[in-house]
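To keep things clear, I will list the structure first and then write my remarks on it.
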Amino acid sequence: MRRIFGDVDLTAFWNESEYYAREYTDDPLTPEKISLVEAALGYKLPAAYIELMSNRNGGAPVKNCHRTAHRTSWASDHVAVTGFLSIGAAKRYSLCGSFGNPSIIEELGYPPIGIYFADCPSAGHDMLCLDYSSCGPEGEPRVVHVDQEWDYAVTHVAASFEAFVRGLETADGFPLD
């Protein structure tokens, strides 16, 4: 079977921080855990997300910025990622955890367009989402930035989760706004 990220050094992908290990990194994936989370969320997770979380189930990427074609509340040309939510429910920052997808939609009022998979440095005022609105719950979602501060404006970021991961860059490549 072809690995999606076979050409990516995943040992250098993650920020080695005790905080992210404690708050974001859940137990290793199992087929049962994936099925339970997909059933709870009502969406099929992209194969690329599952593969990345199989390497480490949640955490912060070293390359934590992605270019955008349009301004967001964060910057004129990019979004920043604090951490990827793990597949599970045990950690606060997991897809079904206390700050996971259900609470992001129900408590913070984000639009129910898919799976909110990554938080941003604004502490919940903007999020990254796997947007299934055009492909349906079994399709391949695009990645969008949803900005609570701008009336939940949706900004296209990448055509797929794989493209999103491959497009991540370090913050060094961006001037301060």
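Read-outs throughout are calculated quantities, based only on the coordinates presented, and are distinct from any laboratory measurement. The model shown is predicted, which means the values in this text are computed figures rather than measured ones. Note that we place each Cβ from the backbone using ideal geometry, even for glycine, and neighbour counts take in every protein chain shown.
General remarks:
- Ranked list, fewest to most other Cβ atoms within 10 Å of each Cβ, for 145, 70: 70, 145
- Relative contact order of the chain, taken over Cα pairs closer than 8 Å and 6 or more residues apart, is 20 percent.
- Backbone HN-Hα couplings from phi across the stretch 6-12 [Karplus 6.51/-1.76/1.60, Hz, Gly and Pro as x]: x, 9, 10, 7, 6, 5, 9
- Only helices enter this figure: runs of n ≥ 4 DSSP H residues, each worth -39500 (n - 2.57), summed and divided by the residues of the chain, yield -5500 deg cm²/dmol at 222 nm to the nearest 500.
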